[in-house]
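Taking it in order: structure first as structure tokens, then the write-up.
The values are calculated or read from the model by the stated rules, or taken from the named source; none is laboratory data. Keep in mind it's a predicted model, so treat the numbers as computed, not measured. Cβ placement follows ideal geometry from the backbone for every residue including glycine, while neighbour counts extend to all protein chains displayed.
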Amino acid sequence: HDALPIFNDMRSYVTLAMLAVLVFAMNSCGKPKAVRELASKVEATNEKCPMHSDFGVLNSVEYDEENNVVRFLYEVNAEELGADLSVLRRNINLLHDKMLLFIVDPRTKGIVEDISSADATMVIVYKDTSASEELEMWFSPSELKNALANTLSDRERSAKLLEYEVNMGKANCPVEVDEVTTLVDVRDDGRNLIYSYSLDDREFDMSSLD
């Protein structure tokens, strides 16, 4: 009879241990394959950071598995983006559309495909260290899937990028180039990209152009 309580206690310990193992297995192996692969890809990418890219310096990539959100944290300056963050914030839709073009670029497509497979949301965070400003762009799972499915030819992609540059150039005007010259407009006439400047005649002798 004295051995029975001990046996019951041992059985309880074994049961608890088995439950602990089961919970651990459910938390690891129980995750969808796409989530596990994405977590692995994010970890591998982070090991390579910081990395220089067309969008600035990628300092880190974070995967919030609970909310299924992947954040890319970039350090940039206005020159790399073609405009101050304040200008980009006012024209966030333009920048958002441009980034969708780069998402299907072969150099970045791999991890984006993993994000899409996991039905995760993608966030790009720009931090301008010179101005202590931040800008966030969110890309929903459906936007990523559509971008990956609707790939453009090189010609179509170049036309879209040119359209972006023209529209962002217009949004960024006027831009003071120097004490005399100001960029006042950017336009595409179908054959040429035309930059229009104004000159301060108080500082510049217009007759010297004759």
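Overview of values
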| quantity | calculated |
| --- | --- |
| Criterion violated by ASP185 - all others in (1) exposed (fewer than 13 other Cβ atoms within 10 Å of the Cβ); (2) free of Cβ contacts under 8 Å to residues at least 24 places away in the same chain; (3) not hydrophobic (A, V, I, L, M, F, W, C) satisfied | (1) |
| Residues satisfying the stated conditions in segment 38-75, i.e. of a type outside the set (A, V, I, L, M), under 17 Å from THR129 (Cα atoms) and part of a strand (DSSP E or B) | HIS52, SER53, GLY56, ASN59, SER60, PHE72, TYR74, GLU75 |
| Sole exception among (1) closer than 17 Å to VAL123 by Cβ; (2) modelled with pLDDT of 85 or more; (3) surrounded by 15 or more Cβ atoms within 10 Å (Cβ to Cβ) for GLU66, by number | (3) |
| Flag if VAL177 is modelled with pLDDT under 85, crowded, with 16+ Cβ neighbours inside 10 Å and among the β-branched types (Val, Ile, Thr) | no |
| Qualifying residues in segment 128-170 (those that are in a helix (DSSP H, G or I) and touching a strand residue (DSSP E or B) at 6+ places or on another chain (Cβ under 7 Å)) - the one surrounded by the fewest Cβ atoms within 10 Å (Cβ to Cβ) | LEU162 |
| Extreme residue, modelled with the highest pLDDT, among residues of segment 103-112 that are assigned to a helix (DSSP H, G or I) and over 14 Å from ASN150 (Cβ atoms) | ILE111 |
| Qualifying residue in segment 107-128 (condition: of a type outside the set (Asp, Glu) and touching a Gly at 6+ places or on another chain (Cβ under 9 Å)) | yes |
